[in-house]
Amino acid sequence: MGTIGGYDRLALLFSKHPELANFRCFRHATLKCLLYKQAELTYLETQANASAVLNRAAGGDEKLTTSYQYFAYDAQGSEADDQREAMKELEEKLGSYHEMLKSASDVFRLEKTSRKSLQTLRDWLGRDDGGQSFFKDNMLESDPWTMPANEHDLIVLDNKEADGFADLVTDHVLAVWHYVVGRHLSHAEEDPNLGKIWRYERATLTMIGNIICMLFSFIIPTVSIFVLDNITTMRNRLIFVSVFIFLFAFTMMFVVGIRRDQVFAATAAFAAIQVVFVGSAELAQSH
């Protein structure tokens, strides 16, 4: 059953299989803290500004607002001390606020966990040769992974380049493949502390996606040429041209996953080729 357990075993799993290292980013709590810090800074800024305004209105020392050297080191008296203290506190709080803003921005940009990764982790946590349900004595600590309400808040530290089609294959196709075929063909990694784990490399899934995209890029133009060549009426040709242009744009957007401006440019180029082909075919038939 292994030599380690509990969080030690879970940390070992995450280190060997970083794609399973799912963590809550506590988005709501982070934003709430930022809002409170922002409110606190608003009060501090108002107090600092009010202190300077009151000083000038009472005919106070003008050099407090015109010379940093005088303001920071030379000025004496309670007015100068109050303004220096207010600015010092504001500076410290601003530094903490900006650091938290930057950290939150970096964390929120991390890749969200996939359904397959989360389900694999949940299964492992409940297995006797895996996590051994070590959370059973304190179920609250398992909430980050077991509560459906927290799924949107989970991120993975293994932040690879986004590949929508590979993620689609992983989340929907891979589970069926593993249940029907994969578990019988591939050998599981066995570890006395982690149990059996079947691992499918992301590079392989990306390669499968690339092959499918290559087939689409070949099939759609080729099929459109053969179909349009065998249609005799202009009306039907234009209908099929519209269908093929839509299929091409759909593939570029949702299968290949390129940017919207690239989809527009590629679709316009494909449509131009279709129009030239239709015009050439019509001209050839007229002769």
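None of the figures in this text is laboratory data; all of them are computed from the coordinates on show. This structure is a prediction, so every number in the text was calculated from the model and none was measured. Here the Cβ positions follow ideal geometry from the backbone for every residue, glycine too, while neighbour counts run over all protein chains shown.
Here are the numbers for this structure:
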item: Separation of the E91 and V243 label points, Cα + 7 Å toward Cβ, nm; result: 7.2 nm
item: Links that overshoot a 31 Å alpha carbon limit, given the list K16/K93; K37/K116; K16/K136; result: K16/K93; K37/K116
item: Cβ crowding within 10 Å averaged over residues, with 133-139, 8-14 ranked highest first; result: 8-14, 133-139
item: Principal axis dimensions, largest first and in whole angstrom, of segment 77-156 by Cα; result: 71, 29, 20
